[in-house]
1. Enumerate the pairs (first residue in region 204-220 and free of Cβ contacts under 8 Å to residues at least 40 places away in the same chain; second residue anywhere and of a type in the set (Phe, Trp, Tyr)) with beta-carbon separation below 9 Å, excluding pairs fewer than 6 apart on the same chain, so at least 6 apart or on different chains.
2. Give me the residue from region 333-348 that is open to solvent by 50 Å² or more (accessible area, probe 1.4 Å) and assigned to a helix (DSSP H, G or I) and, out of that set, modelled with the lowest pLDDT.
3. Counting only residues that are modelled with pLDDT under 85 and open to solvent by 50 Å² or more (accessible area, probe 1.4 Å), which one in region 153-185 is nearest to residue 139 (Cα to Cα)?
4. Which of (1) at pLDDT 65 or above; (2) surrounded by fewer than 19 Cβ atoms within 10 Å (Cβ to Cβ); (3) hydrophobic (A, V, I, L, M, F, W, C) does residue 248 not meet, given it meets every other one?
5. So which of 351, 302 ends up being under 19 Å from residue 119 (Cα atoms), assigned to a loop (DSSP other than H, G, I, E, B) and in contact with a Gly (Cβ under 8 Å, 6 or more places away or on another chain)?
6. Tell me which residues, restricted to region 118-163, are among the aromatic types (Phe, Trp, Tyr) and out of contact with any Gly (no Cβ under 6 Å at 6 or more places or on another chain).
Amino acid sequence: MIEDDLRAAFSRHEPLTPPTGPLRAAIDRLATVRRRRRRRWQAGGTALAVLGVLGIGVPLLTPERVGPPSAAELIGEAGRPVPSGAVNILVLGIDRHATQPPLADSVLLLHIPADRSRPYLISLPRDLKVPIPGHGADKLNSAFVFGAKGDEPDLAKGYELTRRTVADLTGVDVGAGVVLTYSALRSLTDQVGGVPVCLPQQVGSAHTRRVFPAGCQRLDGAAAVDLLRQRRGLPGGSQDRDRNGRLFAAGLVRAASDQDVLTDPVRLAKLLAVVGPDIVVSPDRSALPDLLRLVPALRSVDPVGLTLPVSEPIGPGYYLHPDPDAAPELLTALREDRLGDWAARNPKLVDPAR
């Protein structure tokens, strides 16, 4: 009886049912819009994954929680306004097996200008003598040790103290940051099929006896890590290593761009899988999605490499000090978001394009 009543009710109301064609068309239009949005954020996410390893010569990791952010966190819409103005990202390179807690052997500030022209990579020499909050004056790379020190090294605290030190040194607001380890860099380099690097001088490895000739060459992951660890025997020591790191980073971005990694959303998943075990996310979990939204706005992802000018080392501790004339000019240009003008006036202090 109930079944008959239901059939009768459906029969009476069937003429009132709206046509399905317009509804289906509306659903298809909504699905198309969402697919386009996903592709846009996925492309931006891949680009940021590559930007995250810019310049350092050591792989991807960023503070607070061990484990990679989910794909949804990286490519999802944040529902917030796109960040405006200049953005500064701190990138630290560490060798987790060298010391416990590890030193930050590479300290790099990634600056994205307000005009979104292209990123700038500024190396801050690890031997620079700077005030470290709560610890007096010491080498810049010591800030990570002081912050991470404990029974179990806390990478998040090491990053945070280094971030505060760099913010005080430069006078700019430092937002999200990444800490990089060698193992992820090796995998990431192999993932993009090797990285082209043009070295201004020959580099001999103190670890493997390999010789990297002056000129252009393509490095696989093992060779890249070997090169980027080298500072002994180089005329400029760690500063030459920083320069080689910036040259490698520029090559990494070009290799990724040439293979369409920056526009292929499938590669994002692969990159996250490769570096995932070494990723730690910064305390502000909304920072990375916000930064992803900047990447598609960049007119060029090819970075400009710079270094903070320093004077000759002083004293037995091999401390470096900011050059009294050139360093303030660079830092002023950074604070005022005029690095393009500064680079044009100081071409000898800018890494060669190739």
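The values are calculated or read from the model by the stated rules, or taken from the named source; none is laboratory data. Values in this document were obtained by computation on a predicted structure and should not be read as measured data. Virtual Cβ from ideal backbone geometry, glycine too; neighbours counted across all protein chains shown. What goes into the accessible areas is simple: the full protein's heavy atoms, side chains included, and nothing from ligands, DNA or RNA. Shrake-Rupley method; radii C 1.70, N 1.55, O 1.52, S 1.80 Å.
1. Once the first residue is free of Cβ contacts under 8 Å to residues at least 40 places away in the same chain and sits in region 204-220, its partners that are of a type in the set (Phe, Trp, Tyr) give 204/212; 205/212; 219/212; 219/248.
2. Only one residue fits best here, namely 348.
3. Taking the candidates together, the pick is 154.
4. Only one criterion is unmet by residue 248, namely (2).
5. 351
6. 120, 146
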